[in-house]
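Written below as structure tokens is the structure these notes are about.
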Amino acid sequence: MKKKRSTFPAATRSGRNALQLAGSTLLLLSLAACATKGKAVRGMSPDDRQFLSEVRYVITKKESKLFKSTPPAERAQFIDEFWKVRDPDPSTAENEFRDEYYRRIDEANRLFREGSAGWLSDRGRIFILLGEPDRRDTYPSGYSFYEPPVEIWLYGMFPIIFVDSGREGIYKLDPTSARRLSMINVAQMQLKPKGIERKARLFDFTLTFRATGPGSAVLVMEVPYRVTNLIQDDASGAYRTQLKLAVSVSDGEGKKVLEQEETRPLSVSPDMLADLGKDLVLEFAIELPAGGYTALVVLENSADGSQARREIQFKL
């Protein structure tokens, strides 16, 4: 058995604490599913796809879902917020966490050349999340003549083992090490970043009345797109929801003379998202005898169950 103790270049030690605050706490999720690929992701711009790929090790599931549902025009602001919440010292112009994260990606690509990008390898992933180990022992010929090459990285008292089972220079994380990583994760849960938290959009709409002829009128509902949560369709890439419309009309004595429910589909193509400052206009036609009435309109967004109601009085 030949054992070789090696270390990473001294430069890789810099900034370790900045990224250590979050890296290992997200490790279990990263090992299970490093990237969230799908049709919705492929429908994004190249820059958005690149961001989502690069931050696969530190983005939370909630943030990933939020990023995909964010209109393209607002994603640059999302990315800015994503790094700001991880900045260990917001009082400075530098973001040590972001700088160290990308430095480790570059270093992993240099150190681990295993047929693909080094940062996507098992050793690259651990290096990025946990930083340089306190000690790195390599066994190019295995523990014995008949065993595959092995590397052991020590983080304090915790050994992380990589094995080149195929003797092809491709080192995979040993299953027992994955369990040890869970211990590191639990030990540092208190350091887990909360990630981006956004206040819920308050679903709302305006209600107006427009007479269209004797005994007929239209109730006009204007719903701002910016308060309407949308879900991206995996097949088409369009952003969709359904607005459930319930209209109840009472006469001057409070007696209900009209009650009706409908579902109005809403679909917005990715190209249209730049116009989300505009309002969605819904109309509901009414035909009743001459007189005074009160209409109660309830709108519910099926994407998140949010609901709003408005009342208006009118005369025919």
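The values are calculated or read from the model by the stated rules, or taken from the named source; none is laboratory data. Everything numeric in this text was worked out from a predicted model, so none of it was measured. With ideal geometry, Cβ positions are generated from the backbone for all residues, glycine too; neighbour counts draw on all protein chains shown.
Some values worked out for this structure:
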{"read-out": "Residue within the range 74-93 that is over 28 Å from Leu52 (Cα atoms), among the charged types (D, E, K, R), assigned by TED's automatic domain parsing to the domain that holds Arg56 and touching a residue at least 40 places away in the same chain (Cβ under 8 Å) present", "value": "no"}
{"read-out": "Given (1) over 24 Å from Trp153 (Cβ atoms); (2) at pLDDT below 90; (3) within 21 Å of the chain's Cα centre (by Cα), number of the condition Thr92 does not satisfy", "value": "(3)"}
{"read-out": "The listed residue being modelled with pLDDT of 85 or more, of a type in the set (Ser, Thr, Tyr) and over 27 Å from the mean Cα position of the chain (by Cα), out of Tyr143, Tyr102, Tyr139", "value": "Tyr139"}
{"read-out": "Residue in the range 243-264 that is modelled with pLDDT of 80 or more, β-branched (Val, Ile, Thr) and surrounded by fewer than 11 Cβ atoms within 10 Å (Cβ to Cβ) present", "value": "yes"}
{"read-out": "Any hit, the range 38-53, residues being in a helix (DSSP H, G or I), charged (D, E, K, R), in contact with a helix residue (DSSP H, G or I) (Cβ under 9 Å, 6 or more places away or on another chain) and at pLDDT below 90", "value": "yes"}
{"read-out": "Residue match in the range 190-213 (condition: surrounded by fewer than 12 Cβ atoms within 10 Å (Cβ to Cβ), assigned to a helix (DSSP H, G or I) and at pLDDT below 90)", "value": "yes"}
{"read-out": "Yes/no for Gly142 being under 24 Å from Leu181 (Cα atoms), assigned by TED's automatic domain parsing to the domain that holds Asp47, of a type outside the set (Val, Ile, Thr) and not in a helix (DSSP H, G or I)", "value": "yes"}
{"read-out": "Qualifying residue in the range 123-131 (condition: among the basic types (Lys, Arg), in a helix (DSSP H, G or I) and closer than 18 Å to Asp174 by Cβ)", "value": "yes"}
